[in-house]
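Visitor: This is the structure I have questions about; it appears just below.
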Amino acid sequence: MAAQKELADWELRQVKTFSKWCNMYLARKGHSDCQIGEGAQFAESWGNGIAIMKLMNALFDVPMPKKYRNQEFFDKKEKAQARVFSQDNVAQALKMVQKAEVKTTNLKSIMIMDEDFKTLAGMVWNVILDYNLKGVTDDDITAKQGLLIWCQKKTKTYKGVEGKLNNFHRDWNNGNAFLALVDKHTQGLVDYDGQYEQTKEEKLDAAFTACEGLGIARLLEVDDVVNAQKQDEKSIMTYVSELFKLFSKEDIKDNAATHLANFLRFQRRIEQLQTDYESRFKEIQEWVEGKIGHFSEIEEIENASRAGEVSAEYKNYLTDEKPHKLVDILEIQELYSSLQGELKSNGRPTYSPPEGLEVENLNNMAQALQDTENSMMGKVNDARVGFVESIKVDEGVSEERAKEFDHSFDVFDADKSGHLNKVEFKAALSAVGVSLNETDFNDTFQNLCSEDMFIERDTYIKYLTAFFTNTDDADSVMKSLQVLTDPTNAQAENLNYGALTEEDIEYLMSKADNGSLEAFIAEAFPASA
């Protein structure tokens, strides 16, 4: 073994932590018989290669070689002899380091067998970095930065730590950072706020004790952290990396839980959108089918009153019911588009609705409903036209008027001959209110009289009945005009009677051609009608 220089205080503190760290993992694997010494014994612990082999097995599960010389063998050999046999052990140990893919810097067999302190301390540090911080970064500098950022993130809400954690030496000596990390990741093991006013030593001891309960050995001594002129950066990083390795598992679980929660939230939303779409689709489908069935049942319109009822019902439907349902159809289509959009943006397969609930069926249903409405209203309109054509003014005369006709005939049939001559006929007409100009009177008498130039009772009664029957034709209207005024020379003052309003009279006179209304009446009832 080469002569070793006297170790500095920081070196002693550093390898003390390194030794505890190695022994913690060796013990966990069942290699308690292999212990790494502290101080000057640190380098001696690695010289025969056994500790390296067992550490690689403990940390990286690299199988132990079937044949190697154990510690008991070396205990029986003199140092000179032991060195010869150590060479084979160290060669196997380095192969195990290579299998573990641990990056080492210029680690040679001779340096291990020479028990070179600096080289072996560097070897252990590289192992610590690889095992505890490989997930952070791959080298010393960036590993330190990554670990520091993690610490800053976890302690940023703690008073006395926020903004004050910038290194791995002096910023840890007051115990706040250690206590905050434990408080952040555990429940009830420490009380940061309650212990904030305690001494540095008390806070460090509380944090280290809590970590022991979590399975992390006390790799640091309270006194080494508080009272050293300069805290050893690698020692503190070694301990903090253990906290990182333990607590980051919780971060991974949190991330996994968050990821799963987001997935489930999205999945539930998609399922809810699908349920809403299908439910609303079926609801509008049921409504459309019901309306189509209802409108289709309206086959016969029995009378004008029924036509009015159907028309009024349809108007109310158009204003109060249908608009809301058309909005529902639009919203269902928008819901479908939103659902497909969310699936596409999240890389999921598109949604295929159940058979019959395809989105294009919404427009088909709306069109089918409109066609049924058009058919129904066509029936109503056709019926209305028929009813208008069938409306007739009362074709008969009242019983009282009929008696008046008989009475007038009897009065002017003075000789009781049973017929009227021309003079008697004119007087009888005047008595019942029929006023004809001379030409019309003569024409009427000629048309009605017998060969003997008389008008019989039956002929007289039939003529008056026809005259006073208000049929909706040109002759009937002309007869009504003749009762009130001369149609060929109408006078407004003669028309001011009964149901005729001023507006009616003004309108009628506006149609007179030099006082004659004959052309107006003829145009209202064309011969082809």
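The values are calculated or read from the model by the stated rules, or taken from the named source; none is laboratory data. Please read all numbers here as calculations on a predicted model, not as lab measurements. Heads up, the Cβs are rebuilt from the backbone with ideal geometry, glycines too, and the neighbour counts pull from every protein chain shown.
Visitor: Are any residues in region 145-162 hydroxyl-bearing (Ser, Thr, Tyr) and without any contact (Cβ under 8 Å) to a residue 24 or more places away in the chain, and if so, which ones? Walk me through it before giving the result.
Guide: So in region 145-162, the residues hydroxyl-bearing (Ser, Thr, Tyr) come out as 155, 157-158.
If the condition is that a residue be hydroxyl-bearing (Ser, Thr, Tyr) and without any contact (Cβ under 8 Å) to a residue 24 or more places away in the chain, then 157 is the only one that fits.
Visitor: OK, next. Could you tell me which of the residues 90, 84 is within 20 Å of residue 19 (Cα to Cα) and of a type outside the set (Phe, Trp, Tyr)? Step through it out loud before you land on a result.
Guide: Working: 84 fails: within 20 Å of residue 19 (Cα to Cα).
Sole residue among the options that is within 20 Å of residue 19 (Cα to Cα) and of a type outside the set (Phe, Trp, Tyr): 90.
Visitor: Being touching a residue at least 24 places away in the same chain (Cβ under 8 Å) and assigned to a loop (DSSP other than H, G, I, E, B) is the filter; apply it to region 163-173 and report the residue that is farthest from residue 228 (Cα to Cα).
Guide: Across region 163-173, the extreme among qualifying residues is 167.
Visitor: Any idea which of 428, 402 is assigned to a helix (DSSP H, G or I) and in contact with a Ser or Thr (Cβ under 7 Å, 6 or more places away or on another chain)?
Guide: 428
Visitor: Report, by residue number, each residue of region 275-287 that is farther than 16 Å from residue 361 by Cα and either buried (at least 16 other Cβ atoms within 10 Å of the Cβ) or in contact (Cβ under 8 Å) with a residue 12 or more places away in the chain (or both).
Guide: Listed by number, the list holds a single entry, 276.
Visitor: Restricting to region 171-192, name every residue that is among the charged types (D, E, K, R) and more than 17 Å from residue 238 (Cβ to Cβ).
Guide: Of everything in region 171-192, those that are among the charged types (D, E, K, R) and more than 17 Å from residue 238 (Cβ to Cβ) turn out to be 183, 184, 191.
Visitor: Look at region 20-65 and say how many of its residues are touching a Leu at 6+ places or on another chain (Cβ under 9 Å), more than 22 Å from residue 108 (Cβ to Cβ) and in a helix (DSSP H, G or I).
Guide: Within region 20-65, residues that are touching a Leu at 6+ places or on another chain (Cβ under 9 Å), more than 22 Å from residue 108 (Cβ to Cβ) and in a helix (DSSP H, G or I) number 6.
Visitor: If a residue has to be part of a helix (DSSP H, G or I) and either touching a residue at least 24 places away in the same chain (Cβ under 8 Å) or aliphatic (A, V, I, L, M) (or both) to count, how many in region 89-125 make the cut?
Guide: The number of residues fulfilling the criteria is 19.
Visitor: Inside region 445-474, can you point out the residues that are under 19 Å from residue 415 (Cβ atoms) and among the hydroxyl-bearing types (Ser, Thr, Tyr)?
Guide: Those that are under 19 Å from residue 415 (Cβ atoms) and among the hydroxyl-bearing types (Ser, Thr, Tyr): 450, 459, 460.
Visitor: From the list 380, 388, 393, which residue is under 30 Å from residue 308 (Cα atoms), modelled with pLDDT under 95 and touching a helix residue (DSSP H, G or I) at 6+ places or on another chain (Cβ under 7 Å)?
Guide: 380
Visitor: Being surrounded by 14 or more Cβ atoms within 10 Å (Cβ to Cβ) and not in a loop (DSSP other than H, G, I, E, B) narrows it down to one residue among 193, 205; which is it?
Guide: 205
Visitor: Now for a different question. For residue 338, indicate whether it is hydroxyl-bearing (Ser, Thr, Tyr) and within 30 Å of residue 259 (Cα to Cα).
Guide: In short, yes.
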